[in-house]
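Below is one structure, written out as structure tokens; comments come after it.
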Amino acid sequence: MISNELLPINVAGEWRLGGGDVYESLYPATGEPIARLKAASLADVEEAIERAHHAFKTSGWAQKLPHERASVLHRVAALIREQAEDLAQKQRLDNGKPINETRALVASAAGTFQFFAAALETLEDTITPSRGPFVTMSVHEPMGLVAAITPWNSPIASEAQKLAPALAAGNAVVVKPAEVTPLMALELARICEEAGVPLGLVSVLPGKGSVIGDAITKHPLVKRVSFTGGTTTGKHIAHIAADKMMPVSLELGGKSPTMVLEDADLDHAVAGVLYGIFSSSGESCIAGSRLFVARGIYDEFVTRLAEAAKLLRVGDPASERTQMGPLITAKHRESIERYVALGVSEGAHIRTGGVRPHGEGRDNGYFYTPTILEGLTNSARTTQEEIFGPVLVAMPFDSEEKLIEEANDSVYALAAGVWSRDFKRAWRLGRAVQAGTVWVNTYKQFSVSTPFGGWRDSGLGREKGREGIFQYMEQKSMYWGTNEQPLPWSK
Ligand code: NAD
């Protein structure tokens, strides 16, 4: 247990018990509670938003020069690094990811603050080519109060990805973390406060998405929502945004294709495909969950993959040797089991996995074995729907034309992988596949300097990259008249 006390939430800088229900964070590896908090109520939402709006107008944050705001964000990065081990251990308890992974997420959160601090200091507004007796400029202004709504699968990293550019842009931010993983957002708010972000600019309002998230999204003082989560929720938010004429960015689901060609380096491809689907227990929007392998090497490749999947170390997230931890909740594991059963009813053969592992301290946690299904077509529901777990559907392909057609035959278009030694073919496929991110001879690697987002049902807008700050700003054009004469109107 991290604490026996009920944890406070953050209502525009005030740490206090929320007015909503008591939430327990359970350690997915054992099912035991590790923290309890009183979630936000609708009254807390209203108060946080009113006060954050006031803080935006009066704190002077938006008026600070870029290098002044940047120095505070650099301090946030430094504090995250100083407290990295403690944060990584808390996140392991909050969502059950293996410790090596939560350490990487904490490092990524620090890197994100550092990157956006640097981007902020070096960002340039533009003087555009003038077409008259005036100087024309394009500048950017902060929006005011913006909201960040995040899922449970990579807490500190996804929250930093929104908080850092939103604060860099000069805004106040209300964060609504996922119900089951509220701790990291609260930690980030504490660190922002410690680093010198003015009080009231950051709020963290844990609670039920359909109540608290919905109220935040609909609030007239909220000028933008940056959402990461499921496609159904994302579409709901997009409807609200349309009514308010509010910009949104939506980072949604995926069912990403990975393509292994005959000439691929099979050692690299086996390791990459395994990592692509089974790391994070497959609870990853970019999981490479549809595998297409050239028919000539299909049997050899899937045999090697299945052997390697059986050897993956599934277990205690506290151990540095663990590769796959538990799933987030018992309910989520049941949903994955239903998908595997659906796959079987659609004609799948379970090549490996498909069961709960037992023993070695895993009996009370929500563990599931890495699972490979064969014998399904690309149009099967199991192949098309996002399972969000360690389930890979493997299929052979015969021609490049058919491969591209099937890889693109999905409502999702978030990511894709190509494994080939032939760089011309890899280039052709990489350009032809429809996806926000394509990895060639690697998978699930990230750089905060490179934009990320999806097409179609995988989302709208991009996060990360220098331009990421502009997502949280309004663009303004300015015309400076330089003519010595009045406009001809007065003649
Ligand atoms: P979810 O959509 O159920 O919840 C995401 C967040 O939205 C949570 O904080 C939730 O409380 C909130 N929410 C729920 N209903 C809401 C409403 N009506 N109004 C406002 N907020 C609401 O998703 P999840 O189960 O937490 O996360 C899994 C999903 O997230 C998967 O589909 C996964 O692919 C996606 N995801 C996408 C990315 C990406 O970058 N594209 C990254 C991680 C996860």
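Taking segment 412-435 as the range and being in a loop (DSSP other than H, G, I, E, B) and out of contact with any strand residue (DSSP E or B) (no Cβ under 6 Å at 6 or more places or on another chain) as the test, the residues that pass are Leu414, Ser420, Arg421, Asp422.
Look at (1) more than 18 Å from Ala287 (Cβ to Cβ); (2) surrounded by fewer than 20 Cβ atoms within 10 Å (Cβ to Cβ) and you find that Arg381 fails only one, number (1). In segment 174-262, counting only helices (runs of 4 or more DSSP H) that sit wholly within it, the ones holding 2 or more residues that are more than 7 Å from the ligand (Cβ to nearest atom) and in contact with a Ser or Thr (Cβ under 9 Å, 6 or more places away or on another chain) span 183-195, 231-244.
Return a yes/no flag: does segment 465-480 have any residue that is open to solvent by less than 20 Å² (accessible area, probe 1.4 Å), within 16 Å of the ligand (Cβ to nearest atom), assigned to a loop (DSSP other than H, G, I, E, B) and under 16 Å from Ala164 (Cβ atoms). Yes, segment 465-480 contains a residue that is open to solvent by less than 20 Å² (accessible area, probe 1.4 Å), within 16 Å of the ligand (Cβ to nearest atom), assigned to a loop (DSSP other than H, G, I, E, B) and under 16 Å from Ala164 (Cβ atoms).
When restricted to residues that are open to solvent by less than 10 Å² (accessible area, probe 1.4 Å) and either touching a Leu at 6+ places or on another chain (Cβ under 9 Å) or outside any strand (DSSP E or B) (or both), segment 122-146 contains 2. Restricting attention to segment 39-53, the residues that are surrounded by fewer than 18 Cβ atoms within 10 Å (Cβ to Cβ) and closer than 11 Å to Gly20 by Cα total 2. Here Pro357 clears all of (1) closer than 22 Å to Val340 by Cα; (2) under 27 Å from the mean Cα position of the chain (by Cα) except the condition numbered (2).
From the list Gly276, Gly288, pick out the single residue that is under 30 Å from Ala330 (Cα atoms), part of a helix (DSSP H, G or I), within 16 Å of the ligand (Cβ to nearest atom) and under 20 Å from the mean Cα position of the chain (by Cα). Spell out the reasoning first.
Details: Gly288 fails: part of a helix (DSSP H, G or I).
Among Gly276, Gly288, only Gly276 is under 30 Å from Ala330 (Cα atoms), part of a helix (DSSP H, G or I), within 16 Å of the ligand (Cβ to nearest atom) and under 20 Å from the mean Cα position of the chain (by Cα).
May I ask you to list the residues in segment 278-306 that are acidic (Asp, Glu), in contact (Cβ under 8 Å) with a residue 12 or more places away in the chain and surrounded by fewer than 19 Cβ atoms within 10 Å (Cβ to Cβ)?
Glu300
Scanning segment 353-365 finds no residues that are assigned to a strand (DSSP E or B), at pLDDT 95 or above and among the hydrophobic types (A, V, I, L, M, F, W, C).
Answer yes or no as to whether Gly209 is buried (at least 18 other Cβ atoms within 10 Å of the Cβ) and at pLDDT 95 or above. Explain how you work it out, then say what you get.
Working: buried (at least 18 other Cβ atoms within 10 Å of the Cβ): yes; at pLDDT 95 or above: yes.
Yes; evaluated as a whole, the condition is true for this residue.
So Arg462 ticks every box in (1) more than 12 Å from the ligand (Cβ to nearest atom); (2) in the same structural domain as His140 (by TED's automatic domain parsing) but one. Which box is left unticked? Single failed check for Arg462: (1).
Taking the criterion of being out of contact with any helix residue (DSSP H, G or I) (no Cβ under 7 Å at 6 or more places or on another chain), in a loop (DSSP other than H, G, I, E, B) and surrounded by fewer than 15 Cβ atoms within 10 Å (Cβ to Cβ), the residues of segment 391-410 that qualify are Ser399, Asp409. In segment 54-70, of all residues being within 20 Å of Arg224 (Cβ to Cβ) and aliphatic (A, V, I, L, M), the one that is surrounded by the fewest Cβ atoms within 10 Å (Cβ to Cβ) corresponds to Ala62.
The values are calculated or read from the model by the stated rules, or taken from the named source; none is laboratory data. Bear in mind that the values here come from a model prediction, so they are computed numbers and not experimental data. Using ideal geometry, Cβ is built from the backbone for each residue, glycine included, and neighbour counts are taken over all protein chains shown. We work out accessible area using only protein heavy atoms, side chains counted, and drop any ligands, DNA or RNA first. Shrake-Rupley method; radii C 1.70, N 1.55, O 1.52, S 1.80 Å.
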